[in-house]
Structures are given as C-alpha cells and as structure tokens.
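Data first, discussion second: the structure below is written as structure tokens.
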Amino acid sequence: MSRILSSRIGFIAFGVGLVALAQAQVFQPKMRKPADLIRKPEPMKVNQALLKEATPDNTHIVVSIPKQRAYLMIGDSLVADAPISSGKRGHESPRGNMRVLEKDPSHRSNLYGDFVDRSGRVVRAGVSARIDSAPSGTHFVGAAMKWFLRLTDDGVGMHIGILPGYPASHGCIRESPEGAKLFYDHVKVGTPVDVGDY
C-alpha cells in the first residue's frame, strides 16, 4: 500500500514538474510578435568629403544581396552605404556585372500596379498586368518607381520602395527616398553596377 501511495505521489510530483517546465517555456519557444521579426535597416551613411568629389563620370555601384546594402563608390572608396530590399524568393534580383541602361525620375511599372476607375479610385491594388484581369470600367496604373535606374532589358532597376530589412521586391532593388535620389544624381547611363554576394 505504501509503495502504491509513494508511486502516486511521485507521479503527481512529476506531472506538477512538467507543468511548471511548460509554463516556464522550456519545451516551447516563446512566440515572437511579427514586429520583432522585421528589423529596421541601418540608415544611409555618406562620406561628405568624397561626395563632393563624386560625379557621374567617376562612380560605380555595388549591391550586396546578403547585406541588403548598396554602395556608391569612387574606385575602391566608399561614398555612400545605403539600405536596400532586393528580390524575394521566386523573384530574385539578377546578379552580375551590369550597367545603368536608362534613368527616369518618374518611372512607372508596366507590370505591377493597381486597377483604377475613371475617377482615379483604386478598385484593386497590387496586381500584375500579366496575371490579373481588369474589372469592368477600370484601367491599369503602374506602380510608381521614382528615381529609376534600369539595370536589365526586362525592367529590373533601382528605385524608391519599402525597406522591411529583408528581400521583398519582385526583382527590383528598392531604396530609401534619400538613397535613391543620391544614387540617381551621381550616376549616368553606362555607369557600372555589380550585384552579388559581396
């Protein structure tokens, strides 16, 4: 009888211990809030002395996909270091040695945008002109891509966009408003752009 009683007490103590461990979240990872998963990127850093020397004739751009940063360079010297958001999985930004093919301060996408009605009201947002059909009475308006630097014939480029701290675009390299303007002002058509695992 005492043996049965002591085993029941031991079993109850073991059960209470497991409950305490579970409450202490030893067995379960603590749930993180979505906001904790999004990290705010470090702001742009500019070497003001070198910026005074930067011209469209002596600069080039390097984009680091793993670091999610773009660098405006003069030779091996860093003029500006700015946050970016490259292409997400399935829409990765192309890597390699490219050149600026076009500069357009007020470019609009011909692929991604919204369906709007005659009064300009957005009827359906975030659509693809290749996939989605326009609802009756609407037309396609491409997403704004201010300070656009075209890098490929397929339309991939660098422009203003949302910077969540990780790759999130459909292939373009998004920049902050101040970063996009600075890069736009200091390059020309033909400026080298290297995108890769730097």
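The values are calculated or read from the model by the stated rules, or taken from the named source; none is laboratory data. Being a predicted model, the structure only gives us computed values, none of them experimental. Every residue, glycine among them, receives a Cβ derived from its backbone with ideal geometry; neighbour counts consider all protein chains shown.
Please name all residue pairs, on different chains or six or more residues apart, with Cβ atoms under 7 Å, provided the first residue is in the stretch 134-146 and is in contact (Cβ under 8 Å) with a residue 40 or more places away in the chain and the second residue is outside any strand (DSSP E or B) and surrounded by 14 or more Cβ atoms within 10 Å (Cβ to Cβ).
Pairs that qualify, where the first residue is in contact (Cβ under 8 Å) with a residue 40 or more places away in the chain and the partner is outside any strand (DSSP E or B) and surrounded by 14 or more Cβ atoms within 10 Å (Cβ to Cβ), are Lys146/Ala180.
Has the stretch 122-131 got at least one residue that is in a strand (DSSP E or B), within 27 Å of Lys40 (Cβ to Cβ) and touching a residue at least 60 places away in the same chain (Cβ under 8 Å)?
The answer is no; no qualifying residue exists.
Kindly indicate which of Gly113, Gly75 is in the same structural domain as Val63 (by TED's automatic domain parsing) and in contact with a Gly (Cβ under 7 Å, 6 or more places away or on another chain).
After ruling out the rest, the residue left standing is Gly113.
Any idea how many residues of the stretch 17-57 are assigned to a loop (DSSP other than H, G, I, E, B), of a type in the set (A, V, I, L, M, F, W, C) and at pLDDT below 90?
Of the residues in the stretch 17-57, 5 are assigned to a loop (DSSP other than H, G, I, E, B), of a type in the set (A, V, I, L, M, F, W, C) and at pLDDT below 90.
Answer with yes or no whether Val156 is assigned by TED's automatic domain parsing to the domain that holds Leu72, touching a Phe, Trp or Tyr at 6+ places or on another chain (Cβ under 6 Å) and surrounded by 15 or more Cβ atoms within 10 Å (Cβ to Cβ).
No, not satisfied.
What number of residues in the stretch 168-198 are in contact with a Ser or Thr (Cβ under 8 Å, 6 or more places away or on another chain) and either loosely packed, with under 15 Cβ neighbours inside 10 Å or at negative phi (or both)?
12
Which number in (1) surrounded by fewer than 20 Cβ atoms within 10 Å (Cβ to Cβ); (2) touching a Phe, Trp or Tyr at 6+ places or on another chain (Cβ under 9 Å); (3) under 16 Å from Gly190 (Cβ atoms) marks the one condition that Ile65 misses?
(3)
Determine whether Gly179 is within 17 Å of the chain's Cα centre (by Cα), at pLDDT below 95 and more than 30 Å from Arg121 (Cβ to Cβ).
No.
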